[in-house]
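A quick write-up on the structure given underneath.
Nothing in this text is a laboratory measurement; each read-out follows from the coordinates by a stated rule. Quantities reported herein were computed from a predicted structural model and do not represent experimental measurements. Quick reminder, even Gly has a Cβ in these numbers, built from the backbone with ideal geometry, and neighbours come from all protein chains shown.
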Amino acid sequence: MRPNHRAKPRRPLHYLAWIERGEGVPPLKCSFSDVSEDGARLRVDDAQAIPQTFGLRLLADGAPKRLCHVVWRSETEIGLRFDQPATARNSLNRA
């Protein structure tokens, strides 16, 4: 296992979410692999289908939502940074 040199440590998390791709386009289902205060790694079917900037729905009904952008991609995973600051209402990284 590689050492983690991130400023904010990530913790494993297996949680479903939905990626918004624009008005009138159905959201894509994804799942968290890990998460930190600043970002996360998501498993997706096709990383190339994910826009560079997107809204991430934490519940199927659309709320709460985090604004994110992609920082890296593999075939079936993306690394993202949260653009919107965490709040008690929208954070997955609660203690």
What residues qualify as long-range amide H neighbours of G39, i.e. H under 5 Å apart, gap of 5 or more or another chain, H built at 1.01 Å from N? F82
Taking R0 as 30 Å, what's the FRET efficiency between D83 and R43 from their Cβ-Cβ distance, rounded to 0.05? 0.90
With θ set to phi - 60° and the Karplus curve 6.51 cos²θ - 1.76 cosθ + 1.60, what are the ³J(HN,Hα) couplings of segment 29-46 in order, to the nearest whole Hz, using x for Gly and Pro? 6, 8, 9, 6, 9, 7, 8, 10, 5, 9, x, 7, 10, 10, 8, 9, 6, 9
Could the peptides 70-80, 49-59 be put in order, highest first, of the mean number of other beta-carbon atoms found within 10 Å of their residues? 49-59, 70-80
Spelling it out for V44: with amide H atoms placed in the peptide plane at 1.01 Å from N, the residues 5 or more places away or on another chain with amide H under 5 Å from its amide H are E77, I78
Quick calc, segment 11-82, dipole around Cα centre from Cβ unit charges on Lys, Arg (+) and Asp, Glu (-), nearest 20 debye, gives 120
